[in-house]
Amino acid sequence: MLKIEKESLTRRTFLKYTGTAVIGASMMDKSGFNKSTDPHYKPETGMRYRRLGKTGLMISEICLGNASITLSQTLGPFLFKKWLRDREAIINKLLDLGGNIFSTDEMYHNTIELLGEAVKHRQKEVYFAIGLTPRSESEMRSKLEQALKQLYTDTIDLIFLHASGDDESFATLRKFRQEGKVRFIGMSCHDPRMHTWAIKKGYVDWIHMPYNRLSRMKQGPIDLPGTESVLKLAKENDVGVIVIKPMTGNFIPNWAKETVEPEVQEIMKKLRDYGPENLYQAMLKWILQNPNVTSCAVGMDTVQQVVENVEAVKTRKLSIVQQELLEMYANHADKDYCRMCETCSPSCPQGIPIPDVLRFRMYYKNYGQTDRARTLYNQLANSQKATECNRCGICEEKCPNKLSIVKKLQEAHLILGSNRSFSS
């Protein structure tokens with residue numbers, strides 16, 4: 001059995017804080033070996049590769065995600081500086097083990113600059129996926145030019161629209177592609193309907209979408225697409241899929257603190273006995289069993305996490321222990337985890353942005369990002385805050401996951417609002 005030797009500051013604190021190839025490409029690609037041999041597996045490291053849809057790129061099954069820069073909100077200055085120093089070691093370890101795809105976004109603080117500096121001397125080994133927020137062409141161009149400079153390159157391999165997309169923004173990305181500044185176009189969002197729209201329009205070569213053990217076959221009523229159907233549609237249209245939130249966004253269920261409950265005591269004991277790394281490896285293995293997925297974008301904050309994640313790719317098959325841990329985690333977390341599928345939003349007669357409010361609640365309660373959560377919540381207009389909820393319950397009727405939304409909205413305001421009263 002694997003035992004926990006010491007605590008990490010990040011996700012391993014679970015127990016504590018409970019088409020085509022590009023013309024002219026050479027025979028060598030960024031997976032680091034000859035395409036004339038098996039392009040799917042690197043035996044010396046255990047890394048495996050999949051084709052990213054019509055882009056033709058062979059990318060590693062593990063992608064480095066960089067949203068965890070928000071750790072700066074919780075670690076404090078000293079530990080955050082240490083995290084920055086460790087970042088280069090993390091990146092180099094992943095490259096050494098065969099990782100070749102890194103994804104980040106202009107919204108994630110200065111991660112583009114950090115990545116550019118870290119891989120300056122290993123550019124030929126990396127594909128970059130960079131997100132831009134939809135806005136005017138001039139503003140998007142300014143952000144793109146900045147990213148190109150920070151990455152020390154003239155062309156970004158994979159560009160994507162962050163959180164949403166529209167005809168005009170995709171037209172802007174196509175213009176950038178015609179200029180040779182980007183190669184392939186994608187989109188990242190939580191709403192299966194948006195991905196379906198973009199795929200059917202032929203706008204995307206690849207997508208970022210949430211997918212994990214807590215995803216449901218349907219994220220809305222019968223007439224709305226679910227996660228699995230989007231994955232299938234992407235495969236049918238040769239659109240690559242890089243999964244985000246493969247580990248449920250490092251979601252630490254609130255029940256992990258309820259140590260008096262027998263069920264919680266049981267799973268926490270198993271995590272102590274077998275090591276939480278078995279749970280996280282199980283999450284990756286479960287996703288990679290799906291042939292419609294290309295890669296998992298994972299936040300990695302220690303070198304050991306890199307090793308553990310690549311080991312999950314190498315061994316592939318879920319052990320009995322991992323299956324048990326995964327099912328126990330899913331059964332408990334399922335009761336509290338908002339998938340941000342947006343199904344409830346159109347139904348709210350008060351116009352409350354329910355997924356946003358629940359996301360801020362999650363930052364506070366499940367991620368420990370208290371200051372960030374309060375800041376974001378209090379930036380909402382008063383008319384959008386949870387105090388406007390009239391408890392009609394329509395949102396709960398629409399929620400495909402049957403969450404207690406009204407109760408969660410009330411709780412969100414009580415812990416996040418500057419005026420933390422809630423009228424009866």
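Tabulated data for the structure shown
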| read-out | value |
| --- | --- |
| Whichever residue in segment 58-100 is farther than 17 Å from V307 by Cα and at pLDDT 95 or above and, among such residues, is surrounded by the fewest Cβ atoms within 10 Å (Cβ to Cβ) | M58 |
| Hey, D336 of a type in the set (D, E), out of contact with any Lys or Arg (no Cβ under 7 Å at 6 or more places or on another chain), under 24 Å from K285 (Cβ atoms) and surrounded by 15 or more Cβ atoms within 10 Å (Cβ to Cβ) or not | yes |
| Residue that is modelled with the highest pLDDT [pool: residues in segment 194-231 that are surrounded by 19 or more Cβ atoms within 10 Å (Cβ to Cβ) and of a type in the set (S, T, Y)] | Y203 |
| Test: K149 is surrounded by 15 or more Cβ atoms within 10 Å (Cβ to Cβ), at pLDDT 95 or above, part of a helix (DSSP H, G or I) and basic (K, R) | no |
| Within segment 364-412, considering residues that are over 19 Å from D334 (Cα atoms) and of a type in the set (V, I, T), the one nearest to the chain's Cα centre (by Cα) | T370 |
| Number of positions in segment 337-383 that are touching a His at 6+ places or on another chain (Cβ under 9 Å) and part of a loop (DSSP other than H, G, I, E, B) | 4 |
| Any chance K285 is at pLDDT 90 or above and over 19 Å from the mean Cα position of the chain (by Cα) | no |
| Per-region count, segment 47-65, residues in a strand (DSSP E or B) and not aromatic (F, W, Y) | 11 |
| Any chance A118 is modelled with pLDDT under 95, among the small types (G, A, S) and surrounded by fewer than 18 Cβ atoms within 10 Å (Cβ to Cβ) | no |
| C389 vs. criteria surrounded by 21 or more Cβ atoms within 10 Å (Cβ to Cβ) and of a type outside the set (S, T, Y) | yes |
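For every residue, the table says whether it meets (1) under 23 Å from the mean Cα position of the chain (by Cα); (2) part of a strand (DSSP E or B).
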residue: Y108; (1), (2): yes, no
residue: K124; (1), (2): no, no
residue: M140; (1), (2): yes, no
residue: L158; (1), (2): yes, yes
residue: F170; (1), (2): yes, no
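The values are calculated or read from the model by the stated rules, or taken from the named source; none is laboratory data. Because the structure is predicted, anything quoted here is derived from the model rather than measured. Don't worry about glycine lacking a Cβ; one is built from the backbone with ideal geometry, like all the others, and counts go over all protein chains shown.
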